[in-house]
Structure formats: C-alpha cells, structure tokens
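Below is one structure; the comments refer to it alone.
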Amino acid sequence: MKVTLRALKYEYQRTSDGQREKDSQGASIVLRRSEKGIDVLCALALVREAQNPDTDLAILASQDTDLEPALDEALILGRAKIESASWHVPYTFRSKEIRPAYPQSIRNRKMDKNAFLLTLDPRDYDIPLNR
C-alpha cells in the first residue's frame, strides 16, 4: 500500500483586523483543516488499478458520488473485477452506496462499525505545522 499525502487547507481564527489569532503559546488558532484533491486521487488510483494486468479485483470504498465516473471508466476497461464498499449504519438513511451508470451491476460490501474499525490505519501521518 502506498500512502499519498496531500496538503491540508487551514482556516484560522482571525482578529478584528484580520490577523491570525494566537493562543497562549503563540501558535495560530486553527478552526478547520480540510483536504483537497483526495477524490481525484481515488479516481485516478481506481482507473490505474483497473488497467493493471496484475490486478484481479479493485474495491472502491467510498460514498462520494463524485467518484461514479471513475467507477464507470474502470468497468468499461473490463480487465479487473470492480466492487464497491460503503459504511453501513443500520436504521439510518445516511448509509448509501455509489452505483455505476454503466449498465452493469457491481457488488457493494456494506461495512458496519466493526469492519470500519478493522480498516483503520494506526500510523500517524501528521506532519508538524510550521507556525
């Protein structure tokens, strides 16, 4: 498995004059971190693996419907078997699975909380901020 790190976009707390608010230790106060470009990387990885002659099965674990065109492309390539996986929370309407528009059904593996916990990567990829 190869981990691709992406730069995070930071939203900082601001003072009334627009400067970054600092905490008691002089560090900027971060309100929110968001990752950018992750869905594009997932789409590229799926299509790349679907083309790889050494790949028998590619599983897309996501509920992001923006990835459906990549799912379609992987199916059209026809080399590897394609499946999807999605988080499943019983008795809620938040659980969903992405479906290809390509006229072929795929298997979706519904992952419950226990399965989700088994997929967690314990490594710390956090890169210290230069403040």
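The values are calculated or read from the model by the stated rules, or taken from the named source; none is laboratory data. Not measured: the values here are computed from a predicted model. All Cβ positions, even for glycine, are placed from backbone atoms using ideal geometry, and neighbour counts span all protein chains on display.
Within the stretch 75-97, does at least one residue satisfy the condition of being modelled with pLDDT under 85, exposed (fewer than 14 other Cβ atoms within 10 Å of the Cβ), of a type in the set (A, V, I, L, M, F, W, C) and not in a loop (DSSP other than H, G, I, E, B)?
no
Based on what the data block shows, is Leu57 surrounded by fewer than 15 Cβ atoms within 10 Å (Cβ to Cβ), within 15 Å of the chain's Cα centre (by Cα), under 30 Å from Arg99 (Cβ atoms) and touching a residue at least 12 places away in the same chain (Cβ under 8 Å)? Break it down into steps so the answer makes sense when it comes.
Working: surrounded by fewer than 15 Cβ atoms within 10 Å (Cβ to Cβ): yes; within 15 Å of the chain's Cα centre (by Cα): no; under 30 Å from Arg99 (Cβ atoms): yes; touching a residue at least 12 places away in the same chain (Cβ under 8 Å): yes.
When the stated conditions are applied, Leu57 does not pass them.
Filter the stretch 14-71 down to residues that are in contact with an Asp or Glu (Cβ under 6 Å, 6 or more places away or on another chain) and polar (S, T, N, Q) and give me whichever is nearest to Ser105 (Cα to Cα).
Among those that are in contact with an Asp or Glu (Cβ under 6 Å, 6 or more places away or on another chain) and polar (S, T, N, Q), it is Thr55.
Six or more apart or on different chains, Cβ atoms under 8 Å: show the pairs whose first residue is in the stretch 102-121 and surrounded by 10 or more Cβ atoms within 10 Å (Cβ to Cβ) and whose second is part of a helix (DSSP H, G or I).
Sorted first by the residue in the stretch 102-121, then by its partner, the pairs are Tyr102/Leu71; Tyr102/Asp72; Tyr102/Leu75; Tyr102/Ile76; Gln104/Leu75; Ile106/Leu71; Ile106/Leu75; Met111/Thr119.
Check Asp72, Asp66 and return the single one that is surrounded by fewer than 13 Cβ atoms within 10 Å (Cβ to Cβ), among the acidic types (Asp, Glu) and either part of a helix (DSSP H, G or I) or at pLDDT below 90 (or both).
Result of the check over Asp72, Asp66: Asp66.
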